[in-house]
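Every number in this text was worked out from the coordinates using simple rules, so none of it is lab data. Only a predicted model underlies this, so the values are computations on that prediction, with no experimental measurement involved. Counting neighbours? That spans all protein chains shown, and the Cβs are built from the backbone with ideal geometry, glycine included.
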Amino acid sequence: MSIIGWTFLWVGITFSVYIGIAVWSRVSDTAGFYVAGQGIPAVANGMAVGADWMSAASFISMAGLVSFLGFDGSVYLMGWTGGYVLLAILLAPFLRKFGEYTVPDFVAKRYYSNTARVVAAVAAIFVSFTYVAGQMRGVGVVFSRFLEVSVTWGVVIGMIIVGIYAVLGGMKGVTWTQVAQYCVLIVAYLIPTFAIAYTLTGNPIPQIAIGEVLPRLDGLQQELGLGAYSGPFSNFSMLNVFCITVVLMAGTAGLPHVIVRFYTVRDVKSARWSAFWALLFIGLLYTAAPAVAMFSRFYILDSFAQLGASGMQELGWVQNWAQTGLIKTQAWTDGMAPGALLDTIDRDIIVLATPELANLSNWVVGLVAAGGLAAALSTASGLMIVISSSLAHDIYGEIINPDASDQRRLLVGRLAIFAGLVVAGLLGIYPPGFVAEVVAFAFGLAAASFFPILVLGIFWKRCNRQGAVWGLITGLAFTFVMIVLMRAHVVVPGVETPILDTFLGINAQGIGVVGMVLNFVVTVAVTKATPAPPQDVQDMVEQIRYPRTLSAEELRAGSA
C-alpha cells in the first residue's frame, strides 16, 4: 500500500476513535464541560496532560529545531521539561486545592476583583490564540504532505475534527480523546526512532545510540566545513540561551490550558500523582527527540557528502517534500555550501520526513503522520476549552450575565468554541512564523503575564489586586509590543530589515523574561504602595498552602 493509502487508513481509524469518544463522553452541564466533573483518574489525567503538553511544536517541530540549531536547540528541551517540573512543584497542587474552573477564577477570587478576572481572561485568550496558531499550522503541514491537500484545507479539516469532540464533550470529551491521542502520538514517535537507532548503530535504544552517532555527526560536519554540531552558542548567544530557557520554563508553568488539567482530578493527592505520571509520559518523547534530531541531520548531510545537491534531488523523500514547497529544491545547485542547502529545508518537516529518510515501511510513515495530527489536535482542543471558558464562563457567566442558567452558559461555551476555531484556523493558514517559533512566543506571553501573579498569589499573602492587575498588564503589554517590533519588517531602501533586532541583546523568543521581571517588579511595588488584601483573602491563601484545613487558631498564628 502507498504512503497516502496508509495515511488515510491510520488517520481514518484514529479520527473515528476520537469522534466515538466524543459521542460517548458528551456532557450536559458546565462542570463536565469545563473540568470533566473533576473525576478523571490520575494516570489518565497524566496521559491527557502529556498529550495536551506535547503539541505540534513538540512532536513536529522540536526535533527539527534541535537538528538545525545543534547545542543551542537544547533550550527547548531544558525549558519545556524543566518548566513542567516547575509547574508540578510550585503551582499545580495549590491551584487544585483552591478549586474552581479556570485560571481567571483563581485570579478573581485571590485578588478579590472582577477587573482582575477580565484582565486574566483576556490574557488567557491572547496566549491561547498565539499558541493555537502553531497547532493549526502543524495540522496543515501534515495534511499537505501526506494527504496531498493544501495547507488551507488541512487546517479546515483539523478545525472540523476539533470542533466535533470539543463541542460535544467539552473537557470530559477532550480529556478522554487526549488519552487516546497520547497513545497514538507516542507509538508513532518511538517506532521509527527505535528503527533508525538500530539501523545506524545496531542498538535500538535511541538515548544510548546518541553516544555513537554524535561523534560521527561532529566529524561529518567538520569535513563539510560546518563546525562541530555539539559546539555551543553558534546560533544563540549565551544570554539568549539563558533567557529563552527561563521563558520556556516560566511560560510552561503559566500556560492556562496545562494548569486547567489539574482541576479535572478528584483531589490534591490525585493532582500530585497526575504530575508524576505526566512527567513520565512526557519524558518518553523528550528524551527521544534529540536522537531524532541527530539521526535526521546525519542522514541529510551524509547524502549531501555522497551525492551533492543535484544527486539529492533524485531521492524519493526530497521529491515528495519538494512538491509541498517545504523543500525549495529550485535553489539547489552544484557546488552549493551545505549550510545553504540546510536553509532551504523547512524545520517543520524533520520528524515527519525521518521515516522516509531512513527508508522505513510506508505504514510507519503513515503512522507518524497520524501521530503528528494527534499531537496538534490534542493541544488545539485543550486551547479551545481555555478560550471557551474565558469567554463563556469568566466574561459572560461571571461579568455580563451572572444570573445565566447552567444550560445558557453551556450554550455560550459551545458557541465560543465555534468562534474560536474560526480565528484559530485563520492563524493556522497565515501563521506569524514556523510552528515552534510561534509556540515560543506564546510561552513568552504566558511567562510575562500569568507566572508572576500565580506564584505571588500563592506564596505572598500581602499581594493585592492593584499590584496583580498592573503587573499583569505591564508584563503582557511589554512582551507583546517587543515581539511585534522584532517580527515586523520595514524596507529601507529596498532591503527588508526588522524594526527592532534585539532588546538589551535578547531576541524575540527570550524577551518574555524581561516582561516577567517587569511584572514581578510592578506587582511588588504597587502592592507595597496600596492597602493589604482583606483578612479573609489572606486566610484563604494560608489554607491553600497546607494539605489539610487549618483551624482558626493556626490561621491566627500564621498571620502573626
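Quick query: amide H of residue 54 versus all other amide H atoms, modeled in the peptide plane; which residues come in under 5 Å with a sequence gap of 5 or more or a different chain?
none
Apply the Karplus curve 6.51 cos²θ - 1.76 cosθ + 1.60, θ = phi - 60°, to the phi angles in the range 263-270 and return the couplings in whole Hz, x for Gly and Pro.
With coefficients 6.51, -1.76 and 1.60, one gets 7, 8, 8, 6, 7, 5, 4, 5 Hz.
Which one is right for this structure if Kirkwood radius over Cα pairs in Å is calculated from it: [x] 24.0; [y] 23.2; [z] 29.0?
The calculated read-out lines up with [x].
Give the order of 267, 52, 394, 403 when sorted by the count of other beta carbons within 10 angstrom, beginning with the fewest.
Least to most surrounded, the residues fall as 403, 267, 394, 52.
Once label points are set 7 Å from the Cα along Cα→Cβ at both residue 497 and residue 362, what is their separation, rounded to one decimal in nm?
Placing both labels 7 Å along Cα→Cβ, they lie 5.2 nm apart.
For the residues 422, 122, 107, what sequence is obtained by ranking on other C-beta atoms within 10 Å, fewest first?
422, 122, 107
Pull up all non-local amide H partners of residue 503: gap of 5 or more, or a different chain, and H-to-H distance under 5 Å with H placed in the peptide plane.
none
What whole-number volume per residue, in cubic angstrom, does the convex hull of the C-alpha atoms of the range 155-298 give?
Spread over its residues, the Cα hull of the range 155-298 gives 164 Å³ apiece.
Which number gives the lysine pairs in the chain that have C-alpha atoms under 25 Å apart and are eight or more places apart or on different chains?
Summing the qualifying lysine pairs gives 11.
Expressed in nm to one decimal, what extension gain is obtained for the pair residue 529 and residue 237 from 0.36 nm per residue of sequence separation less their Cα-Cα distance?
101.3 nm
Which net charge results for the neighbourhood of residue 337, defined as the other residues with beta-carbon distances under 14 angstrom from its beta-carbon, given Lys and Arg at +1 and Asp and Glu at -1?
With Lys, Arg at +1 and Asp, Glu at -1, the neighbours total -3.
If you stretched the chain out fully between residue 216 and residue 487, how much longer would it get, using 0.36 nm times the residue separation minus the C-alpha to C-alpha distance?
93.9 nm
Against the longest alpha carbon principal axis of the chain, how many degrees, from 0 to 90 and to the nearest 10, is the axis of helix 238-253 turned?
Roughly 50 degrees, rounded to the nearest 10.
Using a Förster radius of 30 Å, what is the FRET efficiency between residue 78 and residue 24 based on their Cβ-Cβ separation? Nearest 0.05, please.
The calculated FRET efficiency here is 0.15.
Provide the per-residue ³J(HN,Hα) series for the range 348-361, in order, calculated from phi with Karplus coefficients 6.51, -1.76, 1.60 and θ = phi - 60°, each as a whole number of Hz, with x at glycine and proline positions.
6, 9, 4, 5, 5, 8, 4, x, 5, 4, 8, 6, 7, 4
Provide 49, 43 in ascending order of the number of other Cβ atoms located within 10 Å of each residue's Cβ, fewest first.
43, 49
Each residue of the range 178-188 in order: what ³J(HN,Hα) in whole Hz does its phi give by Karplus 6.51 cos²θ - 1.76 cosθ + 1.60, θ = phi - 60°, with x for Gly and Pro?
Those phi angles translate into 5, 4, 5, 5, 4, 4, 5, 5, 6, 5, 5 Hz.
Give the angle, between 0 and 90 degrees and rounded to the nearest 10, that separates the Cα long axis of helix 465-487 from the longest principal axis of the Cα atoms of the chain.
In the chain, helix 465-487 runs at an angle near 20 degrees to the longest axis.
Counting each DSSP H run of 4 or more residues in the chain as -39500 (n - 2.57), what helix-only mean residue ellipticity at 222 nm follows after dividing by all residues, to the nearest 500 deg cm²/dmol?
-23500 deg cm²/dmol
On a 0 to 90° scale, report how tilted helix 206-223 is relative to the longest principal axis of the chain, with both axes built from alpha carbons and the result rounded to the nearest 10.
Compared with the principal axis, the helix lies near 50 degrees.
If R₀ is 22 angstrom, what is the calculated FRET efficiency for the pair residue 340 and residue 228, using the beta carbon separation as r and rounding to 0.05?
The computed FRET efficiency comes out at 0.70.
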